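Participant: What follows is a single structure, and I will ask about it in a moment.
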Amino acid sequence: MQYEIAKKDLITRNAAILLALMAGGAFAFFARFGLGLGETTNLSNNYPWGLWIVFDLVWIALAGGAFVTAGIVYIFMNEDFHPLARPAVWMGFLSYSFVVVTLLADLGLPWHFWQLAVQRPEHSAMYEVSWCIALYVTVLGLEFAPTIFERFGWDRLKDLWRKWSPLYTVLALGLFVFLMSHKIWMALLALIVFGLIAFLTKDSVKHAGVPLILIIAAVTFSTMHQSSLGSLFLLMPDKLSHLWWSPIISLLFFLSAVASGIALVMLMDLLVSYFFDRPYNWERLAGMGKVLLGALAVYYSLRILDVIIRGELLLAFSSSKGPLFLIEIIAGGVVPVILLSVPKLRNNHSLLTLSIILSVGGVIFNRVNVVLLGMNLPGTMPGGNVGTYYPSIVEWAIVVSLVSALFFFFSLGAKLLPILPKVEESH
């Protein structure tokens, strides 16, 4: 598979707008630390989290396209979607990096991050998520490293990467097992198992371009933290409407991340073709639409069955949260499943694009509902008023600037590095 650098100007009118939005976000970021959370946000004891957590959960879910695409291409050996792999990894790396920036703004004392290295709680989902994401970002960086080596002709570094990245990956997996289990024997067992896999697949880099153990680690870390984020809400059966709260919410979070990740990769391919004046590959997108159909069908079938089995379906028609649930299920699930199920509709360019947008929007709306709209929060005193929450200008400025930065740096990377597939192979 050969890639090329996009032949576009580095700074365009759109890039200038994104830079201006990023500058506003930088000012808001410094204001948050200079004035404190209380002065710059509308968070409170009733609403201790808000827009920033919504942003984090949304982008982590959408960034699932990196591990899903890598798994499809490198583990299941589907070469048809190989052109989507490198852009997906670059988008995933940027997404997770900016999620970390959001967390720095959202956490009260972010400089205490070093506690992760000395504390080993046994029942903390956030501890698992923190280590998982940190290690996953390093794996994404290793996946993307060959792009930089190719750009600058650093063959020596590429040889070192090919030799040592599997070793690092095995050690990272072993460390993660130890941190989660607190047992040395389990960590040693993990080192042996993953080390054996790395040895048996050492030649995979020759035909795949990436050591297979890297992809296995990416899928493992993604599966863990995507589901663990959902487990946070297991603690809130009295606050989150039971249209969303579920004993299997961890599984639902993971499945929704798979579906939304696929949809975002497809949407990203459309945007790249539009903004970089490249030919659209509707045949490949329609093929990816079949994969998206399967992911959506599994997720929404389980989502609806879960509500029915728990006897909560009547809430969809009798509670104030019901319309939110119905919009999420119908617009985000039923409609795109129907559009993708019929070959004639799936091959219609406009309807395929609509199904992609609805699929992404459905998972975004799910996270908004879980974090904010689906909550039934008590007041500060028994029987007290809950109050309301509206994001402040600082909250909006940071989120808008990070989304702008995501698009700006993705575009900048495409203009400086061989990220996009050669047009002859792409079309």
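The values are calculated or read from the model by the stated rules, or taken from the named source; none is laboratory data. Worth saying up front: this structure is predicted, and the values here are computed from it rather than measured. Glycine also receives a Cβ, built like all others from the backbone with ideal geometry; neighbour counts cover every protein chain displayed.
Participant: Kindly list the number of the only condition in (1) farther than 30 Å from Ile248 by Cα; (2) under 20 Å from the mean Cα position of the chain (by Cα) that fails for Ala295.
Facilitator: Checking Ala295 against (1) farther than 30 Å from Ile248 by Cα; (2) under 20 Å from the mean Cα position of the chain (by Cα), the one that fails is (1).
Participant: Next question. Only one residue in Leu285, Leu296, Leu229, Leu240 is touching a strand residue (DSSP E or B) at 6+ places or on another chain (Cβ under 7 Å) and either aromatic (Phe, Trp, Tyr) or crowded, with 19+ Cβ neighbours inside 10 Å (or both). Which one? First the steps, then the outcome.
Facilitator: On the way: Leu285 fails: touching a strand residue (DSSP E or B) at 6+ places or on another chain (Cβ under 7 Å); Leu296 fails: touching a strand residue (DSSP E or B) at 6+ places or on another chain (Cβ under 7 Å); Leu229 fails: touching a strand residue (DSSP E or B) at 6+ places or on another chain (Cβ under 7 Å).
Of the residues listed, the single one that is touching a strand residue (DSSP E or B) at 6+ places or on another chain (Cβ under 7 Å) and either aromatic (Phe, Trp, Tyr) or crowded, with 19+ Cβ neighbours inside 10 Å (or both) is Leu240.
Participant: Now for a different question. Among the residues of the range 82-97, write down those that are within 19 Å of the chain's Cα centre (by Cα) and under 15 Å from Asp269 (Cβ atoms).
Facilitator: Listed by number, the residues that qualify are Leu84, Ala85, Arg86, Pro87, Ala88, Val89, Trp90, Met91, Gly92.
Participant: Okay, moving on. Please tell me if Ser359 is under 21 Å from Asp80 (Cβ atoms) and assigned by TED's automatic domain parsing to the domain that holds Ala259.
Facilitator: Against the criterion (under 21 Å from Asp80 (Cβ atoms) and assigned by TED's automatic domain parsing to the domain that holds Ala259), Ser359 qualifies.
Participant: Taking Pro146, is it touching a residue at least 24 places away in the same chain (Cβ under 8 Å), crowded, with 20+ Cβ neighbours inside 10 Å and over 23 Å from the mean Cα position of the chain (by Cα)?
Facilitator: No; evaluated as a whole, the condition is false for this residue.
Participant: Would it be correct to say that Val219 is in contact (Cβ under 8 Å) with a residue 40 or more places away in the chain, aliphatic (A, V, I, L, M) and assigned to a helix (DSSP H, G or I)?
Facilitator: The answer is yes for Val219.
Participant: Of all residues in the range 5-38, which are crowded, with 16+ Cβ neighbours inside 10 Å and either of a type outside the set (A, V, I, L, M) or under 30 Å from Asn78 (Cβ atoms) (or both)?
Facilitator: Once the filter is applied, which keeps residues that are crowded, with 16+ Cβ neighbours inside 10 Å and either of a type outside the set (A, V, I, L, M) or under 30 Å from Asn78 (Cβ atoms) (or both), the range 5-38 yields Ala6, Gly24, Gly25, Phe29, Arg32.
Participant: With the condition kept exactly as written, say whether any residue in the range 34-56 is touching a residue at least 60 places away in the same chain (Cβ under 8 Å), farther than 25 Å from Phe407 by Cβ and part of a helix (DSSP H, G or I).
Facilitator: Yes, the range 34-56 contains at least one residue that is touching a residue at least 60 places away in the same chain (Cβ under 8 Å), farther than 25 Å from Phe407 by Cβ and part of a helix (DSSP H, G or I).
Participant: How many residues does the range 221-260 hold that are within 14 Å of the chain's Cα centre (by Cα) and of a type in the set (Ser, Thr, Tyr)?
Facilitator: Adding up the residues that qualify gives 6.
Participant: Just wondering, is there one or more residues in the range 130-139 that are closer than 21 Å to Ile364 by Cα and either part of a helix (DSSP H, G or I) or without any contact (Cβ under 8 Å) to a residue 40 or more places away in the chain (or both)? Steps first, answer last, please.
Facilitator: Here is the first cut: in the range 130-139, the residues closer than 21 Å to Ile364 by Cα are 133.
Retained after the next criterion (residues that are either part of a helix (DSSP H, G or I) or without any contact (Cβ under 8 Å) to a residue 40 or more places away in the chain (or both)): 133.
Yes - at least one qualifying residue is present in the range 130-139.
Participant: What about Ser273, is it of a type in the set (S, T, N, Q) and either under 30 Å from Lys344 (Cβ atoms) or at pLDDT below 90 (or both)?
Facilitator: For Ser273, the condition - of a type in the set (S, T, N, Q) and either under 30 Å from Lys344 (Cβ atoms) or at pLDDT below 90 (or both) - is met.
Participant: Here is a further query. Whether any residue in the range 321-343 is outside the structural domain of Phe55 (by TED's automatic domain parsing), assigned to a loop (DSSP other than H, G, I, E, B) and within 28 Å of Ser44 (Cα to Cα) is what I want to check.
Facilitator: yes
Participant: I'd like the full set of residues that are of a type in the set (Phe, Trp, Tyr) and at pLDDT below 95, limited to the range 382-406.
Facilitator: Hits for the range 382-406 are Tyr389, Tyr390.
Participant: Assess whether Ile60 counts as being in a helix (DSSP H, G or I), in the same structural domain as Gly413 (by TED's automatic domain parsing), out of contact with any Cys (no Cβ under 6 Å at 6 or more places or on another chain) and surrounded by fewer than 20 Cβ atoms within 10 Å (Cβ to Cβ).
Facilitator: Answer is no for this residue.
Participant: Here's something else I'd like to know. If Gly153 satisfies every condition in (1) over 24 Å from Ile213 (Cβ atoms); (2) in the same structural domain as Tyr47 (by TED's automatic domain parsing); (3) free of Cβ contacts under 8 Å to residues at least 40 places away in the same chain but one, which is the exception?
Facilitator: Among (1) over 24 Å from Ile213 (Cβ atoms); (2) in the same structural domain as Tyr47 (by TED's automatic domain parsing); (3) free of Cβ contacts under 8 Å to residues at least 40 places away in the same chain, the lone unmet condition for Gly153 is (2).
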